[in-house]
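Peer 1: Got a structure for you, questions after.
The values are calculated or read from the model by the stated rules, or taken from the named source; none is laboratory data. Quantities reported herein were computed from a predicted structural model and do not represent experimental measurements. Cβ placement follows ideal geometry from the backbone for every residue including glycine, while neighbour counts extend to all protein chains displayed.
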Amino acid sequence: MARRLVNAAIVPFVLGALLVWIVREEAHADVTLALVAYAAVIVAFVGGVHWGLALRLPDPPRELLLWGLLPTLVSWLAVVMRPGAGLVIVGVMLVAGYLIDRHVYVQQGVAHWLTLRFRLAAIAALSCFVAAAGS
């Protein structure tokens, strides 16, 4: 089920990146904003997983809580920026988040999710960068 949900979550990234390149000029800003907003929600969600991991522990590491909040704040900034620039920011956050998760997930005993997490990060970040190039 998780694999299907992640695959479904990837569709708006790919579709959004494609649409940025093919829509008419009058729709371009709306499509770009829609993609950066969607990407920001996903980045915030992925960061929130760290809060979920932290809440399982009686004395969670500070880093889990801090990293759980940082993607949300950065995503918010990305949404209020010019959409092309915001797409670069969320793309970088998707990559950075995966690199951090490679360590955190192992430490927290959830490393079995890393393959799925990589798929999401790779396709989503690439989609954001492709769309930013078309902005």
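Peer 1: Taking the stretch 73-94 on its own, how many of its residues are buried (at least 16 other Cβ atoms within 10 Å of the Cβ) and modelled with pLDDT of 95 or more?
Peer 2: 13
Peer 1: Further question: Please list, ordered by first then second residue, the pairs with beta carbon atoms under 6 Å, 6 or more apart or interchain, first in the stretch 114-127 and at negative phi and buried (at least 19 other Cβ atoms within 10 Å of the Cβ), second of a type in the set (V, I, T) and assigned to a helix (DSSP H, G or I).
Peer 2: If the second residue must be of a type in the set (V, I, T) and assigned to a helix (DSSP H, G or I), the pairs left are L120/V6; I123/I10; A125/V95; S127/V14.
Peer 1: Check off (1) within 17 Å of the chain's Cα centre (by Cα); (2) surrounded by fewer than 16 Cβ atoms within 10 Å (Cβ to Cβ); (3) modelled with pLDDT under 95; (4) of a type in the set (A, V, I, L, M) for M1 and give me the number that stays unchecked.
Peer 2: Only one criterion is unmet by M1, namely (1).
Peer 1: Here is a further query. Within the stretch 69-87, which residues are under 19 Å from V20 (Cβ atoms) and within 11 Å of the chain's Cα centre (by Cα)?
Peer 2: Once the filter is applied, which keeps residues that are under 19 Å from V20 (Cβ atoms) and within 11 Å of the chain's Cα centre (by Cα), the stretch 69-87 yields S75, L87.
Peer 1: Kindly indicate whether any position in the stretch 20-27 is surrounded by 19 or more Cβ atoms within 10 Å (Cβ to Cβ) and at pLDDT below 95. Reasoning before the result, please.
Peer 2: Residues of the stretch 20-27 that are surrounded by 19 or more Cβ atoms within 10 Å (Cβ to Cβ), as a first pass: 20.
Then keep just the ones that are at pLDDT below 95; that gives none.
Within the stretch 20-27, not a single residue is surrounded by 19 or more Cβ atoms within 10 Å (Cβ to Cβ) and at pLDDT below 95.
Peer 1: Could you pull out the residue among F45, F13 that is assigned to a helix (DSSP H, G or I), free of Cβ contacts under 8 Å to residues at least 24 places away in the same chain and aromatic (F, W, Y)?
Peer 2: Numbers: F13 fails: free of Cβ contacts under 8 Å to residues at least 24 places away in the same chain.
Matching residue, one of F45, F13: F45.
Peer 1: In addition: Does the stretch 52-65 contain at least one residue that is surrounded by 13 or more Cβ atoms within 10 Å (Cβ to Cβ) and under 29 Å from G134 (Cβ atoms)?
Peer 2: At the first step, the residues of the stretch 52-65 found to be surrounded by 13 or more Cβ atoms within 10 Å (Cβ to Cβ) are 53-54, 60-61, 63-65.
This time we only want the ones that are under 29 Å from G134 (Cβ atoms), so: none.
No, the conditions are met nowhere in the stretch 52-65.
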